[in-house]
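Asks: My questions will all concern the structure given below.
Values in this text are rule-based calculations from the coordinates and carry no lab data. All figures in this text were calculated on a predicted structure; none of them were measured in a lab. All Cβ positions, even for glycine, are placed from backbone atoms using ideal geometry, and neighbour counts span all protein chains on display.
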Amino acid sequence: MLQAVTLDLSCFKKEEIDIENIEIKNLITKLVNNYKDIVIGYRRDIHMYPELGHNEVKTSKKVEDILIDLGYEVTTNVGKTGVVGLLKGKKLGRTIAIRADMDALPITENTNLAFKSKNDGVMHACGHDVHTAILLGVAHILMDLKDVITGNIKLIFQPSEETSPNGGAKGMIEDGVLQNPKVDLMLGLHVWPSIETGKVGIKFGTMSASSDRIKIVVRGKNSHASTPELGVDAGVISAEILLALQTIVSRNISSLDSCVISIGKINGGNAYNVVPDEIVLDGTVRTLDEQIRKMIPVKIENLISGITKAMDGSYEFNYLYGYPSVVNDKEITKTVINSINESIGNKNLYEIEKTNLSGEDFGFFAKEVPSTFFYVGCCSPDTPNDKRFPLHNPNLVIDENAITVGLIVMLNSIIDLMK
């Protein structure tokens, strides 16, 4: 556990901070501990007033006000409700962007936190409140260190990460967030409750799956439930499709590759004794391989077409390409791993072996510029197993000690990447 350090900054005149003469990384650790309570305060305030995607009005305004007070060049309404802070270094160099997402989820919070959500039916159940607070902490500390900054630092506060298939990253890119100045490389993080606090998870290559949406409308013909032969049962057709979809994964994709097709929502029918004439299936497709990703919609439609034709029905099929996979750049990831080892110790480096199939719209950024994304453990080692809740759960409680770890790793990585 990192111990709090009280730091008297009066001994440092800003013009005297010199990367050649001061142990910059020791200073970072002290600054992180100095700002820790402020950053936790940001997190709790944001957690209390969560806002859904592209409605982050109060959150964006809070971020804007803090960045302006700190002295950043601030641009608002990027990708609707996004905010960007720019810090220009005194020396020429690359432009490094760091991204935090700001939106919450339509979930009713079920914790006993003193700062639990005050907005009914909305909760920061994915840790975006922590991400935003960490980036605000980064903003404070980088401004204290501005005289040693080489190049530019662009802080990207992104809306609407949870609104697959489009996501907020795409809108910010379309609004030019990666230009003026042009971003050369990018970093992002996510709190991760399956990793204990104090550890940081990372891997080379693919960090997340592509996340696409499917919608299937199956149409038949109404009849009384007692005379199904007079109608075309959209429910039975849908059931055949639902089961057959799984054969795409089990019989068309190697068992060594990863792919998931899941139907999460089924709507249809008007009465218990009427054969339904329309059923709507909504679902998601997750893959790690772009060739498989391109093959899946063809296979799905062939299957739907064959089943509906054989059973005298009809269909409408929409496949919406969503978030691309987050693929970590090799050289940037090497630097970040070295930063983790130097700043929190190699015993706290959690090497991810298998990529999970969660979606992450940071993938839009990683597709445009070399990037690295990492996980910050946020489950206290003291938490009993039956209280270790996953992301998107109404009972999720994040260990705030993760904030310190996230700040230290992110800031050290930024300094190392400036070189």
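Asks: Among 296, 403, which comes first, second and so on when ranked by fewest other beta-carbon atoms within 10 Å?
Replies: In increasing order of surrounding Cβ atoms, one gets 296, 403.
Asks: A follow-up question, please. About its Cα centre, how strong a charge dipole does region 214-323 have in debye, to the nearest 20, once Lys and Arg get +1 and Asp and Glu get -1 at the Cβ?
Replies: It works out to roughly 240 debye.
Asks: Applying 1/(1 + (r/R0)^6) with R0 = 45 Å to the Cβ-Cβ distance of residue 225 and residue 305, what FRET efficiency is obtained, to the nearest 0.05?
Replies: FRET efficiency, residue 225 to residue 305: 0.95.
Asks: Share of Cα-Cα pairs in region 163-279 beyond 20 Å, in percent?
Replies: That tail contains 67 percent of the Cα-Cα pairs.
Asks: Please compute the Cα-Cα pair-distance distribution of region 358-419 with 10 Å bins starting at 0, giving whole percents from short to long.
Replies: Values per bin, smallest distances first: 17, 36, 33, 13, 1.
Asks: Right, next: In what order do 353, 400, 278, 174 fall by count of nearby beta-carbon atoms within 10 Å, going from fewest to most?
Replies: Result, fewest neighbours first: 353, 174, 400, 278.
Asks: Under 25 °C and 0.890 mPa s, how fast does the chain diffuse according to Stokes-Einstein, given a Kirkwood radius computed over C-alpha pairs? Answer in µm²/s, whole number.
Replies: Roughly 106 µm²/s, to the nearest whole number.
Asks: Mind jotting down the distance between the C-alpha centroids of region 285-312 and region 349-381, whole Å?
Replies: Centre-to-centre distance over Cα atoms comes out at 28 Å.
Asks: State the dimensionless ratio Rg/Rh of region 214-323 (Rg: radius of gyration of Cα atoms; Rh: Kirkwood radius).
Replies: Computed over Cα atoms, the ratio is 1.03.
Asks: Further, regarding this structure: Roughly how big is the chain's charge dipole about its Cα centre, with Cβ charges of +1 (Lys, Arg) and -1 (Asp, Glu), in debye to the nearest 20?
Replies: Roughly 460 debye, rounded to the nearest 20.
Asks: May I ask you to compute the full-extension gain from residue 88 to residue 215, defined as 0.36 nm times their residue separation minus their alpha-carbon distance, rounded to one decimal in nm?
Replies: Extra length from residue 88 to residue 215 when fully extended: 41.2 nm.
Asks: Sort 329, 129 so the one with the fewest other Cβ atoms within 10 Å of its own Cβ comes first.
Replies: 329, 129
Asks: Give the cross-link partners of residue 309 among the aspartates and glutamates, using a straight C-alpha distance below 18 Å as the criterion and excluding same-chain residues fewer than 8 apart.
Replies: 229, 233, 240, 277, 278, 301
Asks: Which pairs break 31 Å Cα to Cα here: 91/354; 146/354; 91/367; 116/146; 199/367?
Replies: 91/354; 146/354; 116/146
Asks: I would also like to ask the following. Using R₀ = 45 Å, calculate the FRET efficiency as 1/(1 + (r/R₀)^6) where r is the Cβ-Cβ separation of residue 295 and residue 383; round to 0.05.
Replies: 0.60
Asks: Once fully extended, how much extra length lies between residue 57 and residue 346, figured as 0.36 nm per residue of separation less the alpha-carbon to alpha-carbon distance?
Replies: Gain in length upon complete extension: 100.0 nm.
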